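Report on one structure; see the data block that follows.
The values are calculated or read from the model by the stated rules, or taken from the named source; none is laboratory data. Quick caveat, the model's predicted, so the values are computed rather than measured. Glycine also receives a Cβ, built like all others from the backbone with ideal geometry; neighbour counts cover every protein chain displayed. SASA here: full protein model, heavy atoms, side chains in, ligands and nucleic acids out. Shrake-Rupley method; radii C 1.70, N 1.55, O 1.52, S 1.80 Å.
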Amino acid sequence: QVQLVESGGGLVQPGGSLRLSCAASGSIFRFLTMGWHRQAPGKQREMVATITSAGSTNYADSVKGRVTISRDNAKNTVYLQMSSLKPEDTAVYYCNGEKGPYSSWGQGTQVTVSS
């Protein structure tokens, strides 16, 4: 079982930047496809970005050009660098790791974009 712990959320002004981190326990991290998802109040959870074990990335159209997902297998950590943040980016951001039928989620970290 992989445990995921997110950090780095907070309050930021529109146009600002944040870097989220997700630290994973266990030795299988390098084999997992890692992802960041978010859920705004009253809305369904949506994918923000994913990165495979080989380093291939995928982004939601709403964040393309503003967000970069990366991973450091030596540190068992996946990152989400966000810039040019908008109020509509406000949500709880969740880290996910999966391979085949296996999936694990973190507890989430709140990101609030407001002036």
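Elements of the type strands (runs of 3 or more DSSP E) sitting completely within the range 1-82 and holding at least 3 residues that are buried (at least 16 other Cβ atoms within 10 Å of the Cβ): these cover 18-24, 33-39, 46-51, 67-72, 77-82. Given the structure, is Glu98 open to solvent by 50 Å² or more (accessible area, probe 1.4 Å) and assigned to a strand (DSSP E or B)? Considered against the rule, which asks whether it is open to solvent by 50 Å² or more (accessible area, probe 1.4 Å) and assigned to a strand (DSSP E or B), Glu98 comes out as yes.
Sub-6 Å Cβ pairs linking a first residue in the range 89-115 that is on the phi < 0 side of the Ramachandran plot to a second residue that is of a type in the set (Phe, Trp, Tyr) and not in a strand (DSSP E or B), at least 6 apart or interchain, are Lys99/Phe31, ordered by first then second residue. Can Ser21 be described as among the hydroxyl-bearing types (Ser, Thr, Tyr), at pLDDT 95 or above and over 13 Å from the mean Cα position of the chain (by Cα)? The answer is no for Ser21. The set of residues from the range 42-81 being in contact with a helix residue (DSSP H, G or I) (Cβ under 7 Å, 6 or more places away or on another chain) and more than 19 Å from Gln107 (Cβ to Cβ) comprises Ser53, Asn73.
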